[in-house]
Each structure stands twice: as structure tokens, then as C-alpha cells.
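Report on one structure; see the data block that follows.
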Amino acid sequence: MSTVLYYCHDPMCSWCWAFKDVYSQLCSALSDEVAIKTLLGGLAPDTEEPMAADMQHYLQNTWKTIQKRVPGSRFNIDFWTKCRPRRSTYAACRAVIAARHQGQQYADLMTTKIQTAYYTEARNPSEQQLLIALAKELGLDVAQFADDINAEQTRQQLHEEIEQCRRLGVDSFPALVLNVSGSYWQIPLDYNHVDPMLDLISQIIKEQDE
């Protein structure tokens, strides 16, 4: 029986940041029989336009909501005054793919670097200069990373992952979709407790195995 858990996310998605710790617990607790595959969903395409004031207000309120719903979530509101916000996440997504080219382990490490820079250090991952700096902090081959982040192959890979998220029925992030031998289930998220998700995944796998 083939079992895959898809995790659809965007490194600049604030709810993905809120889900980070519980997702890590989930990955650690799942059996080796469940393969985990991450897919980049691409929240917002490239743009040089500043983020509209109403969107800035909406996201600041989202951060406040998350801090109430997910105790321990950290957000540095200095971002909104220190940086020039843009509604643009594709570059950050490509950075994860470019890091992945140098080793699968670097995808998660780059995602965490981007999230930490954005949400706790008030740095702007919409800026390619920052993404290159983060690659250097990770010890990546910076020249290769700088080439890969804008390479056509990287852009195509991001497009394919966005399309796969859509085919899985995902229209918001983060999202978990379980595939058991070709049958699919969206797993409701719990941002504070891992057990409800683990129990549901185990139940689905058990029922499909009977």
C-alpha cells in the first residue's frame, strides 16, 4: 500500500509559520510507512509594486489573530515600518527550490530561515538580496544559488508544484492531503495539538488496509 502525506505551504504564509512546530511533531511521529512530500503553493506572484495599505492592515490583523489562537507564535511588527512590504512570495518559494538543488535537507532549512527572517527579524524575503544572504548563512554555494533562484528550471518546478496543489484541491495554506493508494483525504489542521491529526491519519490508513 502506497501512502503519501502532502504538505502544501508557502514560506511567507503566516499560518504556515504558526503551524511549524506542530508540523514538525507530526513528521517525527508518523511511521516510516508514510512518505512526506512538501509542495510549494505560491501565494503571490512576483511584483515590484508596494503592498496595498488594506492588504498590510489585513496581514497585521492576521498576525494578531494567530498570536491569540496559537500561543507562543512570535511576530516582529517592526517589519511593517522597517521594510517595504510587497505582496510577492514566488521569489521565496524559488529560494526553497534553489536550496533543494544543493541537497534535499536544505529545503526545510531555507524555509525556516525565510520564516525566521520575516517574522522575528523584520527582514523582507520578497527581496532577492536577502534570500541570497540567507543562502550564505546556510553555507550553500552562493553563486550556484544565485543562478538557480531565477533559472527557468526553478520557475518551471514552482509552476508544477503550484499546479499539483490545485489538483489536490488545496486553495489555502498550510494544507495536508493524505494519499493512500490513490485515494485522497484533506486532513483538518490543529495548530496546537498533533494528536487529532495523527489519530485521523492512522484511522484512514487502517480502514484502507482492511
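No lab work stands behind these numbers, since they all come straight from the coordinates. Just so we're clear, the structure is a prediction, and the values are computed from it rather than from any experiment. Note that we place each Cβ from the backbone using ideal geometry, even for glycine, and neighbour counts take in every protein chain shown.
Some points to look at:
- Looking only at residues in region 186-210 that are of a type in the set (A, V, I, L, M, F, W, C) and farther than 15 Å from Ser31 by Cα, the one that is surrounded by the fewest Cβ atoms within 10 Å (Cβ to Cβ) is Leu189.
- Boolean, Gly103 is surrounded by fewer than 17 Cβ atoms within 10 Å (Cβ to Cβ), of a type in the set (Gly, Ala, Ser) and farther than 22 Å from Leu131 by Cβ: no
- Considering region 114-183, the qualifying helices (runs of 4 or more DSSP H), each wholly inside and each with 3 or more residues that are over 14 Å from the mean Cα position of the chain (by Cα), closer than 22 Å to Met51 by Cα and in contact (Cβ under 8 Å) with a residue 12 or more places away in the chain, run over 128-137.
- Test: residue in region 114-133 that is touching a helix residue (DSSP H, G or I) at 6+ places or on another chain (Cβ under 8 Å) and under 18 Å from Leu39 (Cα atoms): yes
- Some residue of region 126-134 being within 17 Å of Ala44 (Cβ to Cβ) and either of a type in the set (Asp, Glu) or surrounded by fewer than 20 Cβ atoms within 10 Å (Cβ to Cβ) (or both): yes
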